[in-house]
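Here the structure comes first, spelled out in structure tokens, and everything after it is commentary.
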């Protein structure tokens, strides 16, 4: 065999080898695509069987922005102009009972509210409208059009106003601020976005804690307490969590890998190699993994956070490094456990407040040492799985209503050492009102 024949043979075998490799790669890619399609079909069927059809709810009815409390809330938050130190003080006082404020804190709150009068008027106006939808002109809300920071600042300022108003005896102003906070909490919880659900749960807690200032005052009349009863948030934070997760899953199922681009800042696209983000190879597997993960999250989330296993994160997410579609699914999965724990805390705090409110309303002439016998069995709380505790603290002359184990549970799942990781007791004075 001469050199020419050898060269031809080498070229022929090289081409055959390349062809075989290309064919094998094509067959492998096609097989992976078919596997992904079957995997997605099974995951979608399992999710819908357990949690309902993956269909978006219709958008709210259309109405103008000037009749929308949410747009007023955002505008009021945007009108707040203060220093970093003042922002920190607003944040601290919104989670601290007014009776525990120092003189310096109270004077600081009074000065801030005076400086922010214009913003406060707008914020208080937000509670006077029945409609509360974050989308412009009544459309479905999107991340891009919601100013989350302004909403949080606005709600915190309203909470400080409610607490200071109670401290100064301005009960009507306190109730007005509470109405705005509660309406915002309900509206945020009705908006199926992870961030609005988180803020809505926080607003529910701010509303309950500010209402507790009124409730723990033995001189608050039964008439005011009955009015307070109708001002509390009514939306269930747990239900909001479920709807938000289901809605996010619907969006992922519809958008596939487009969800990654919407979820992340474009500057982060470097972390998604082209071979990982191949739609043909991995899109169905990515969506299927999200359905499985968030389905497991919903399943575990039905239990109180106190009963979650120590490795709950691993049991939901598993290994997030390989294969690539699993790593990609982990990249766009928010800290749903923390969100769920916060929602359970909000629901529990409302349950605790209503138990205390029922006790006050059942004893219009003042509480006695046997008042706990009047508390109806409210059942276990969604946070701890244990019932609310009511006891008579004879040394302090108080009826103490608390949730045993709540703070220990919250500290395990809420990455913050502030009011978000605490659930304070409600202390009700034994006896009637003593104006002195």
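For this structure, a couple of remarks:
- Ordering of 428-434, 287-293 by packing is 287-293, 428-434, highest average first (other Cβ atoms within 10 Å, averaged per residue).
- Label-to-label distance, residue 106 versus residue 433, with points set 7 angstrom from Cα along the beta-carbon direction: 1.9 nm.
- Each peptide among 211-224, 348-361 gets the average number of other Cβ atoms lying within 10 Å of its residues, and from highest to lowest they stand as 348-361, 211-224.
- Each peptide in 145-156, 112-123, 190-201, 387-398 receives the mean, over its residues, of other Cβ atoms within 10 Å, and ordering these scores from highest gives 190-201, 145-156, 112-123, 387-398.
- Extension gain for residue 223 to residue 88 (0.36 nm times residue separation, less C-alpha to C-alpha distance): 45.1 nm.
- Computed over region 62-230: relative contact order in percent, which uses C-alpha pairs under 8 Å that are six or more apart: 28 percent
- 14 Å reach of a label modelled at residue 63, 7 Å along Cα-to-Cβ, counting backbone N of region 98-134: 126-134
- 245, 375 arranged by Cβ crowding within 10 Å, fewest neighbours leading: 375, 245
- Label point distance in nm, residue 370-residue 81, each placed 7 Å from Cα along Cα→Cβ: 6.2 nm
Taken together, the values in this text are just the output of simple stated rules run on the coordinates, not laboratory data. All figures in this text were calculated on a predicted structure; none of them were measured in a lab. In this analysis, Cβ positions are derived from the backbone assuming ideal geometry, glycine residues included, and neighbour counts consider all displayed protein chains.
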